[in-house]
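Taking it in order: structure first as structure tokens, then the write-up.
A short reminder: the numbers here are calculations on the coordinates, not readings from a lab. Model, not experiment: these values are computed from the prediction. Ideal geometry is used to build each Cβ from the backbone, glycine not excepted, and the neighbour counts take in all protein chains shown.
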Amino acid sequence: MTQPFTRSSALLVLALALAGCTSVGSQKTAPPAVAYSVSPAAERAEAARVQTLRAVPDWRFQGRVAVSNGRQGGSGRIDWDQQGPMYQVQLSAPVTRQSWVLQGDGAGGGRLDGLGDGPRDGADARQLLLEATGWDVPVAQLPDWVRGLVLAGVDENGLQRDADGRPRHLQQDGWDVQYMEWYPAQDGRPALPRRMEASRGAARVRVVIDQWDLPQA
């Protein structure tokens, strides 16, 4: 008789799948805390960057992700496709050719494929992923955070900005978010993060973005 596919076995499958992937580069750390004085010109430039990104509902990026729950961790390739409030995230391990796909809707629900026991659906995409794999990932907040945007309508604590007015560190929804590296604005595209990290307790998610696909507003 086939054994049930439990949370622990799902976690093991994902951990093994990701173990063979290229590391995201854990030696990179956040820049030291420096109190920058943001000029009025930088404030205006940052306001324009935020406005531009908010006006582009459809975008995509490809990169690498590392996740950890304090006991186990792994890294792999990530492909994030955002279409308005809807998103599809694919995490893959090129060496093992294993992958899973998380689809989310604007209401917070999600569908998870690829863990061996068929698709799973839930009203909370983050909770769905946590129960299935053991990874705590702020999937609802990442569409903003990964673009270097502060969540609208949510209090932020410890917000620090760099000399260009962009976020360097903030705390929202119980998560600590840090930005290590940015792509500069070019060819009509605003500045966008290259390396960022979100952590809460033992949970840690680090993203390195290799390529942005952002239509011009």
Around Pro193 (Cβ within 9 Å, Cβ-to-Cβ, excluding Pro193; K/R +1, D/E -1) the net charge comes to +3
Given unit charges at Cβ for Lys, Arg (+) and Asp, Glu (-), the dipole magnitude of the stretch 105-217 about its Cα centre in debye, nearest 20, is 300 debye
Projected onto the charge dipole of the stretch 62-217 (unit charges on the beta-carbon of Lys, Arg, Asp and Glu, signs +1, +1, -1, -1), the Cα from Ala66, Thr133, Leu102 with the largest positive-side position is that of Ala66
Here FRET efficiency (C-beta to C-beta, Asp105 to Tyr183, R₀ 30 Å, nearest 0.05) is 0.55
Once Lys and Arg are counted +1 and Asp and Glu -1 for all other residues with Cβ under 13 Å from that of Leu53, the total becomes +2
The FRET efficiency for Ala41 and Arg200, from their Cβ-Cβ distance with R0 = 41 Å and rounded to 0.05, is 0.75
Stretched fully, the stretch from Glu131 through Asp213 gains (0.36 nm per residue minus C-alpha distance, one decimal, in nm) 26.4 nm
Once Lys and Arg are counted +1 and Asp and Glu -1 for all other residues with Cβ under 11 Å from that of Asn157, the total becomes -4
